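Below is one structure; the comments refer to it alone.
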Amino acid sequence: MEGGRLLPPLIFLKNAWGNSAWDYRTTLRSPMFGPKGFHSGNAFANDALGALTRHWTLSGIERFQSGPYSTINVSGFDTNTDGSTANDRPIISNPTAPFQSAAVDGSFIGSAQGTYYDVATYRGGVAGVAAGTKVVVDPSTKYFTTARGQSFLHQEVGRDTFLQPGYQQHDLAIEKGIGLSYLKFERGLLTLRVEANDIGNHNNVAPLGVNIATLGTSANFNPVISRTVSARSLVLWAKIKF
């Protein structure tokens with residue numbers, strides 16, 4: 001699975017407990033650096049070295065953050081027959097099958113219970129096949145299965161066991177202070193600054209959709225569609241302090 005992974009399912013009632021959605025295990029940020037520059041006993045040379053090597057500040061933010069936890073679900077299907085279609089989760093049928101594959105019990109889509117159909121095909125995720133097409137499949141050939149009945153609850157995917165993609169961004173700023181005495185002012189400081197946000201233009205991925213009921217559409221497990229809107233940007237500014 002590109003960009004995310006499913007943690008091992010828990011057993012029986014324990015699968016109703018999981019990691020917090022705010023449980024970011026790793027976050028790293030970088031400090032600021034301001035070199036002292038060079039000095040000279042010669043007044044002219046010292047002024048030149050001051051202009052060229054002093055009052056520089058190099059700073060950056062290196063953000064490396066692990067992804068949040070989320071829950072694989074089947075929102076839209078009342079698999080546990082409790083009257084709600086908003087909080088149910090699928091079962092893992094075949095963990096060796098492709099991760100983006102699922103079979104749905106026919107009773108959820110107007111067919112006989114006990115007969116299973118390919119979710120991606122039904123949702124229009126197969127090229128050249130119209131949405132709503134029902135293709136009978138063996139559920140053992142699919143990673144997930146949406147079965148009906150409370151007898152399957154102990155097989156459900158655990159809550160918050162899907163680890164979403166991580167995030168990283170590299171921001172860099174360079175600042176130079178120039179004393180206005182060089183420009184024949186009595187005092188003051190001219191500060192020039194360049195900021196490069198997301199300098200590497202890293203392709204961060206937003207939280208992926210995890211609804212098996214819509215598998216086969218762009219809403220699920222699609223790092224291209226889920227790309228964040230952040231991108232490299234440059235900011236130039238100058239400031240004069242008296």
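Each reported figure results from applying straightforward, stated rules to the coordinates on display, with no laboratory input. None of these values were measured; they are calculated from a predicted model. Neighbour counts run over all protein chains shown; Cβ positions are idealised from the backbone, glycine included.
Could you tell me the center-to-center distance, by alpha carbons, between segment 204-229 and segment 146-176 in angstrom?
12
Which distance in nm do the two modelled labels at T57 and F38 give, with both placed 7 Å along the Cα-to-Cβ direction?
2.4
Tell me the net charge near Q169. Cut-off is 9 Å between Cβ atoms, Q169 excluded, with +1 for each Lys or Arg and -1 for each Asp or Glu. Walk me through the numbers before you get to the answer.
On the way: positive: R63; negative: E62, D171, D198.
Surrounding charge for Q169 is -2.
Expressed as a rounded percentage, what relative contact order does segment 115-221 have, with Cα pairs under 8 Å and six or more residues apart? Before the final figure, lay out each step's value.
Numbers: 129 pairs, mean separation 30.2, N = 107.
Averaging sequence separation for qualifying contacts and normalising by length gives 28 percent for segment 115-221.
All other residues with a Cβ under 11 Å from the Cβ of L192 taken together, and with Lys, Arg as +1 and Asp, Glu as -1, what is their net charge?
On the way: positive: K176, R193, K239; negative: E175.
With Lys, Arg at +1 and Asp, Glu at -1, the net is +2.
Where does each of 188-197, 119-128 land if you order them by average Cβ count within 10 Å, highest first?
Working: 188-197: 15.1, 119-128: 17.1.
Result, highest mean Cβ count within 10 Å first: 119-128, 188-197.
When we measure straight from the Cα of K36, which aspartates and glutamates land under 18 angstrom away, once same-chain ones fewer than 8 places off are left out?
Cross-link targets: D47, E175.
So if each residue of separation counts as 0.36 nm, and I subtract the Cα-Cα distance between A231 and N94, what length gain in nm does that give? Kindly include the intermediate steps, with their values, before the conclusion.
Values: separation 137, 0.36 × 137 = 49.32 nm, distance 3.84 nm.
Residue separation times 0.36 nm, minus the Cα-Cα distance, leaves 45.5 nm.
Give me the Kirkwood hydrodynamic radius of segment 34-143 in Å, from all C-alpha pairs, to one decimal place?
Working: mean 1/r = 0.0522 Å⁻¹.
In segment 34-143 this quantity evaluates to 19.2 Å.
Mind checking which aspartates and glutamates have their Cα closer than 20 Å to the Cα of K134? Skip sequence neighbours fewer than 8 apart in that chain.
D78, D105, D118
D82 to N197: extension gain in nm, 0.36 nm per residue of separation minus the Cα-Cα distance? Each step should come with its number before you reach the end.
Working: separation 115, 0.36 × 115 = 41.40 nm, distance 4.84 nm.
36.6 nm is the gain from fully extending D82 to N197.
Taking the Cβ of T145 as the centre, find all other residues whose Cβ is under 14 Å away and add up their charges (Lys, Arg: +1; Asp, Glu: -1). Provide the component values of the computation, followed by the final result.
Numbers: positive: R89, K142, R148; negative: D88, D105, D118, D138, E156.
Local net charge: -2.
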